[in-house]
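Note sheet for the following structure.
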Amino acid sequence: MKLILIGIQGAGKSTQGSLLSEKLQIPYLSSGHVLRQMSRENRWIKEILASGRLVPDKTIIEIISQYLDKPEYENGYILDGFPRTVTQAEQFENGVEKVILLDVSDKEALWRISGRSEDRDDETLKAIRKRIGLFHQETEPVVEFYKEKGKLLSVDGEKDIDEVFSQICKGLDI
Ligand code: AMP
């Protein structure tokens with residue numbers, strides 16, 4: 001099964017992605033995680049991440065395509081954080097079956113992020129605000145893009161973890 005998870009930062013994508021990965025026995029791939037790893041050796045990416053801006057479409061499309069060409073992704077995957085713009089979605093077809101939107105308000109997301117213990121330099125308030133703004137501007141049109149294709153599964157991400165997961169499983173019929 002080829003799945004995409006969409007939601008603002010703090011919506012619970014990595015939590016639900018890991019649960020789905022375990023249940024379906026397919027790998028979970030987070031574009032943000034890949035970029036954070038790359039940023040250790042790449043100043044340009046490090047600066048973009050710290051500012052909360054998006055990496056250019058061409059760059060991220062190349063990176064994700066290279067990953068998905070690996071044999072372990074052949075039987076399916078759960079993608080988190082990609083595609084994030086309509087250009088990325090248009091250029092990335094790849095037989096995606098369902099796109100899961102974890103619907104969480106800005107207020108709830110900010111509340112959750114502020115309670116996180118990890119100290120990431122891309123989690124400054126300024127960067128978080130920038131990212132939430134970009135989600136509405138760039139990624140909500142991606143949600144519409146998949147909705148029009150009949151691939152969208154929207155779930156209430158403000159419920160507790162187990163309930164969100166069972167909503168997803170029900171929607172995917174797994
Ligand atoms: P995330 O962990 O998904 O919130 O991603 C962290 C950061 O990585 C984002 O704020 C962007 O700077 C960058 N990033 C992740 N995925 C993408 C993407 N699909 N397109 C552009 N930039 C991305």
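The values are calculated or read from the model by the stated rules, or taken from the named source; none is laboratory data. None of these values were measured; they are calculated from a predicted model. Cβ sites come from the backbone with ideal geometry, for glycine too, and all protein chains shown count toward neighbours. We work out accessible area using only protein heavy atoms, side chains counted, and drop any ligands, DNA or RNA first. Shrake-Rupley method; radii C 1.70, N 1.55, O 1.52, S 1.80 Å.
Some points to look at:
- Note on Glu22/Asp69: beta-carbon distance plugged into 1/(1 + (r/R0)^6) with R0 of 35 Å gives a FRET efficiency of 0.90.
- Cross-link check: pairs Lys58/Lys107; Lys2/Lys126; Lys58/Lys170; Lys13/Lys58 evaluated at a Cα-Cα cut-off of 30 Å; pairs beyond the cut-off: Lys58/Lys107; Lys2/Lys126; Lys58/Lys170.
- Carbon and sulfur %, accessible surface of the chain computed with the full protein complex present, 1.4 Å: 47
- Per residue, the average separation of C-alpha pairs within less than 8 Å and at least 6 apart gives the chain a relative contact order of 36 percent.
- For Ile113, the solvent-accessible surface with a 1.4 Å probe is about 10 Å², rounded to the nearest 10.
- For the stretch 2-172: accessible area per residue (Å², 1.4 Å): 54
- Between Asp106 and Arg36, the contour length at 0.36 nm per residue exceeds the alpha carbon distance by 22.9 nm.
- The length gained by stretching the chain between Ser114 and Glu93 to full extension, at 0.36 nm per residue less their Cα-Cα distance, is 4.1 nm.
- Most mobile of Leu20, Leu110, Leu125 in a GNM of the chain (Cα contacts under 10 Å): Leu125
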